[in-house]
Structures are given as C-alpha cells and as structure tokens.
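Remarks on the structure that follows.
The values are calculated or read from the model by the stated rules, or taken from the named source; none is laboratory data. As the structure is a computational prediction, the values presented were derived from the model and not from experiment. Methodologically, a virtual Cβ is constructed for each residue, glycine included, from the backbone with ideal geometry; neighbour enumeration extends over all protein chains shown. Accessible surface is based on the protein model in full, side chains and every heavy atom, while ligands, DNA and RNA are left aside. Shrake-Rupley method; radii C 1.70, N 1.55, O 1.52, S 1.80 Å.
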Amino acid sequence: MSNLKMKEAALIYLDRSGGLQKFIDDCKYYNDSKQSYAVYRFKILINPSDVVELDAELGNHILHQPLKAAEVFQSVCFIAVKTLSLIGQLQTETQINIVLKLTHLPPLPSYGLDLCEFPLDYTSQRFYMMQGIVIAMTTVTKYTQGARFLCSDEACPLSKGFQYIRVHVPGATESATIRNDFLCNLCASSLQEDRKFRVLGDKQIVEIIATKALHAFQGYSNNQPFRFQSLTIFLRDESVNKMNIGNEYKIIGIPTCVKTSQTAVCIEANSVTFCNSKVPSGISDNFRCLLSLTSSSCWKFTAILANIFASQITPPGTYNMLKLCLLMSLVQTTDRNKELEDCLDILIITSDSLLIDRLLNFSINLVPRGIRHLVSTEIFPTLSRNKYGTGAVSIQAGSALLAKGGICFIGDLASHKKDKLEQLQTVLESRSITVYIPGKKFGEDIDQQMTFPVQCSFWSFVDMDSSSRRNAQKINTLIGQMDCSLIPANLVEAFGLLINCNESSPCHPFLPTVQHTLNKAINPEGLFYAASRQFTTEDFEKLLAFAKNLNVEFSLEAERMTHGYYLASRRIRTGSVCGSKLSASALKYLVFLSEAHARLNLRNKVLKEDVLIAALLFETSLTLKYGATVFCVAPNAVFPFELYNEEYLEQRDLYLTQCQQQLEQFIATYGPGTTIFSSDE
C-alpha cells in the first residue's frame, strides 16, 4: 500500500509540474523514430520541496534513497506508456531508464559535503551538495548507458525479447553494465550482449578542490597546518562540458567509492550550477569617513590608500607608486562569471627582492583568487594520463587557470626557464593558451587541441641586485631608460606596466624600511603605525571587494584625452625604420588604468583626472623601456612629495593640475587631428 501511495503521488507531481506532458512529448519522439531501442531514457526534473509537501514518504525516498525513488517513477512511466499507448515497441518495464534531476537540496548541514572534513560519507548512496573549484578535467569519452542481453540457449524463452536490460546507475563502473559472466535466471546459461542495441552516452571526469583550499596556493599561512585533497566528479550526458577549469561550482551528486590503484571517493554528478560570489554591501566606516573628507579632490583618496597600504610589510610613505599600481590591478579582478579582459600585468625592477616578494604576497591574499605560483609546479596547463583508466587525457589547470578572475604572482622571472618565458610572452599577448594532445601518446586515433582563455593578471619582478645581473648591466644611451637587456625585450613589452623600485632613490627612502624591518623582527605581530590600527587588512579586503564590482563608464572628456594621449605618444615614438614602439595593446592598458583609478575612487564614471594618473603611470613605464620623449615625466611624477599631512596632499594636487595642463598641451601639439575640448565634436 505504501508503494502504491508513492506511485500515486509521483503521478500527481508529474501532472502538476508539467513533467507528464514533457514525458509524453519524449515518448512521441521515440515512437516516431524509425530506430529500434532497447532502452528508453527519460529525464525528470524534481523539486524536492514540492515533492515533500505533496508526499513526505516519496520526498524522503528521493532525497535518501534515490535509486528506489527512480524505480517508483519507472513504474509510473511504464503504466502511462501502456495505458496511453505512447510507445508501440516498448515491451518491459526494465526498458525504461529514469534519471531524476534535482533542482536543489534542503539548505541543511546534513545535506552538505565539506571536502575538507573527514571522513566523507560515501556509503549511504544519497544526494549531497558540495562546492569547489575545478583544477583538472578530462576530454569527453563514451560510456554505456544501457545494453540488451539474451540467453545463449536458443531453447530458453529468454533468448528473445527484452527481459535482460542493464542500465548505468550512479556509482557503477563500466564492468557493472557490460560483462561476459552474467547468467540466465531461468536456465543458468550464460548471457550474451546484443551489441546492436547498446546505447552510448558521454562521460567526463573533473577534479575539484574546496574553495578554502586555495590558501595552499596563496603563499600565506597563519601558522595553522592543514591538508586538502581533490575530489573526483563524474559528469555524464547533459552535464558534460558544463564545467570549466578555474571556475567554482555547486554540485549535487551521490558519493561512491571507486577502486583504482588505490581506493578513491568520487561523486556521480546529478546537477551542476556555477557559483556567483555575493556582491559586498559597502566599505568600512573608516574608509567611508576618509572618502567624505577627501571628496573635494579626485586624487587625495587614492593617494592616502597607497600611502597606508600594506603598512604591515613596508612603512607608510614608501613604495607609494608601486602600491598604487598593485591596488589598481587588484580592483580590476572579478568574482563573476564573465571574461576578464581588463587585466593589469605588472613587472617590477628591484634591488630588494625580499621586500617586494613580501609586498606582492601580502597583496594577492586580499582577493579570493590571488595565486602564488611555486617554481615546482606549472604556470600553464599540462597533460597526464587519467588514473581511472577511461582512456581520457587529464588536463591539469596550472597556476594561471587557477587564478581565473584574479592575480597570478609568478615570482622572480629568473626562476623560470627560457621556454616557459616564451610561453608566458605568448599568453600575455593573446590571453589564451592552447594545449596540444598527441593522439598516439594517449591512445587516440587523431591529435587534438584545446584552447583555454587566461583571465588573470600576472605579477612578477626581476632582481637587478644579483651579481650576474649587476656585472652584465650596460650603460644606457637614452635618458630615463632602464637596462632590461637580461630580459627578452618582447616579454618586457608584453607586461602592461614596468615599475622601477629602487629603495636608494628619493622615492623610496632607505632608513624607514630598515627601522620597520628591525621592529618586525623584534615584534612580528606588532602594529607600529596609526594607519595599521585604523585601517585594517579586513577593511582593505572589503574596499577592494566593493570597488571591483563597480560598473564604470568613460566621460566624454576622459575618452577624448585617452585617445589623444595615445595618438600623440604613438606619433612621437614612431621611427622610419622600426615603426611605432607602442603596441596595439597600449590603448587598452590606458583604458584599464583609467577605469582602475576610478574604481579605486569608488566612482562609476571615469574622469580626465583618472586619465592623467593612467597617462603618468604609463609614460613612466614607457620611459623605462624606451627612454624619455618631449612629454618628459619624472620618475616620481605620481607621488612628487612625501605625504605627511594635508598640506602635502594640497601640494600634490597643484602639481598634478600642472601635469594635466602639460598633458593637454602635449595632446594639442602632437595628437594628429585631436582637439581636446572641441565643441564641434
């Protein structure tokens, strides 16, 4: 009676949810087809909340005994087919393969599977919800959805018909569906597969890790040891190619135990949903107050941010230009499922690699996808054999794809081999990486290739203080040019910003850094500056999370100034022999820098003041690469004074106003056909 009641409830649910009409339409497709089928596959969408409200026992079966629940729906569908004469060829109930697709699971702890907790429950054969980031995936292969078997004894009644139908169930291996040792229940003779009725489906294997396991890739630890392990997800049929490397997903599936060379816990995926991060509601009260106090200027707020940023690593007032660039690169990251095209790649020339390394490492931990690349691992995707013996090639993510939407800090360029640097240059220019899969090596008939978008910003540095580099430096022939001969010129060009951090220069006073280092050695957890106590790391995290989700657009004045500066700069850096030194991506970087400065100011509109900062930073970078031009910019143009108080901020504003006038004059003189504030346009 209980089973009959559940079947009745299943029929009512199908009728109310529209599933019955979809089932009838699917039956019509099978009935109209000229092809003969041994297995008829039907996908039924299930809302557990609606089912539980209708019939608690059926809802409980769906959530905790999904295989038995599928049998209930199988029986209901078979009766419907026979009663309504939907499929004339259908003979037995076992020919119907029901796949229940859940819309969600109850938001209760017992339905969540935390990949970082032990032990994992893989014996209950029920649905769980887990969340993780894809770190590897295989190519798509085939598996057996269903097959027809016949008794080998021709005298046996079961040597004909569709009595022996085997279909794939969650957690089953290929050998559970197709084997040669099945016996007839009637005469005990061996069963033989009728191969022309075998039904194949698509299969893909994906590896995920828990989101909090990313701490292992961020080069930062709070002295708490931890370990993590990836979890294998089996995607089949409709779910194939629904997941991309580097993205974060919520997966509903059934845990199972698969025996390979070692026992492994896997998940048979039922549904896959992309995870969108929550947009933060605002910034801290301290930053809100600071923004209000500096609202009269378009430059003061970001100047103070750069001045006090990372005061745990370097004292306020040092490396301000670098810290401003880092903040601008951080606000160009994204947590949403969109193509990250506005990347800001930064290459730093320094003679204090230890301090720069600490500063960059601190910075990447302020965004969810800040990845510290380890030399022992790979930056870009690599190939390996799939450990589950399916014949598919496994593509491992690498640091760059894992940093999707964020920052990939690759350390010192000197730590990478020549071929890796060439690969990095190609990726910086094309923003994609192509993986070639040799068919002969991995048992395929043909070669394949897969292209992945690389959607992260790259940070790196070059230590010019090493003895080999110090001795190899050449005398520069152009004013302001930095000797970068030890780095491939095309690679330097591929980085959007080149920054010189020399602590012995007036821009980077040496003594405060020494005092800071000594204080940290004595008291590692100490907060030595008022700024560190007033504006915490959490405050900066909230600020960046809010700023990077702002949608910005250019004002007309800002757009004209950006194009004007680009055309003028391109014109004066164009030679008769080698052509223009400005790459096609130069305009793109100017736009990204302007947008980043506007976001950092928490504005939705890019103003000409933002374009000025972008132009000064970009011109400083160009000067280091190619030498100075008629638009001569000082190395410390963005921060000409040490920011001690309000008076120095006012002096900086006056200086930047003069720079803006010089930029407008430069555009008017060298920008062909460009008039900055033309009323005609």
For 299-312, 399-412, 232-245, ranked highest to lowest by mean beta-carbon neighbours within 10 Å, the order is 399-412, 299-312, 232-245
No solvent, one uniform scatterer per C-alpha: report log10 I(q)/I(0) for segment 539-656 via the Debye equation at q = 0.11, 0.15, 0.23 1/Å, two decimals. -0.43, -0.77, -1.32
Measure off 7 Å from each Cα along the Cα-to-Cβ vector at V375 and D50, then give the distance between these two points in nanometres to one decimal. 5.9 nm
For Cα extents along the principal axes in Å, the choices are (1) 99, 65, 53; (2) 92, 71, 53; (3) 89, 58, 58; which was calculated from the structure? (1)
FRET efficiency, I437 to V169 (Cβ-Cβ, R0 25 Å, nearest 0.05): 0.20
Charge dipole (debye, nearest 20) of the chain; +1 at Cβ of Lys and Arg, -1 at Cβ of Asp and Glu: 1320 debye
Over the chain, what is the mean sequence separation of C-alpha contacts under 8 Å (at least six apart), divided by residue count, expressed as relative contact order in percent? 11 percent
Residues with amide H under 5 Å of L102's amide H, sequence separation 5 or more or different chain, H placed in the peptide plane at 1.01 Å from N; which? I46
When each of K5/K142; K22/K278; K212/K608; K203/K440 is checked by Cα-Cα distance, pairs over 31 Å: K5/K142; K22/K278; K212/K608
Whole-number accessible area per residue in Å² for the chain, which is evaluated in the context of all protein chains at 1.4 Å: 47 Å²
Volume of the Cα convex hull of segment 288-359, divided per residue and given in Å³: 132 Å³
Using the alpha-carbon centroid of each, what span in Å lies between segment 13-33 and segment 600-617? 57 Å
State, as an integer percentage, the relative contact order of segment 287-438 based on alpha-carbon contacts under 8 Å between residues 6 or more apart. 18 percent
Contour minus Cα-Cα distance for Q662 and C289 (0.36 nm per residue): 131.0 nm
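Across all directions of projection, what mean area in square nanometres is found for the Cα convex hull of segment 49-156?
That works out to 11.9 nm², a quarter of the Cα hull's surface.
Using packing as a proxy for protection, rank 14-27, 364-377 so that the peptide with the highest average count of other Cβ atoms within 10 Å comes first.
Descending mean neighbour count gives 364-377, 14-27.
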Spherically averaged projected area of segment 1-76 from its Cα convex hull (nm²): 5.2 nm²
Counting only protein heavy atoms and using a 1.4 Å probe, what share of the accessible area of segment 1-102 belongs to carbon plus sulfur, as a whole percent? 53 percent
Can you compute the modelled spin-label distance between N604 and E57, with each label point 7 Å from Cα toward Cβ, in nm? 5.6 nm
Spatial separation of Cα centroids for segment 119-187 and segment 316-330, in angstrom: 58 Å
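Quick check: residue separation of A176 and K43 times 0.36 nm, minus the Cα distance between them. What number comes out in nm?
45.7 nm
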Placing each pseudo-label 7 Å from Cα in the direction of the beta carbon, S583 and Q35 end up separated by a distance in nanometres of 4.8 nm
Along the positive direction of the dipole of segment 1-102 (beta-carbon charges: Lys, Arg +1; Asp, Glu -1; about the Cα centre), which of L11, L63, N97 reaches farthest? N97
Treat segment 92-219 as a sphere of radius equal to its Kirkwood radius over Cα pairs and apply Stokes-Einstein at 10 °C in a medium of 1.306 mPa s; give the translational diffusion coefficient in µm²/s, rounded to a whole number. 87 µm²/s
Given unit charges at Cβ for Lys, Arg (+) and Asp, Glu (-), the dipole magnitude of segment 267-365 about its Cα centre in debye, nearest 20, is 420 debye
Share of carbon and sulfur in the accessible heavy-atom surface of segment 510-653 [1.4 Å probe, %]: 57 percent
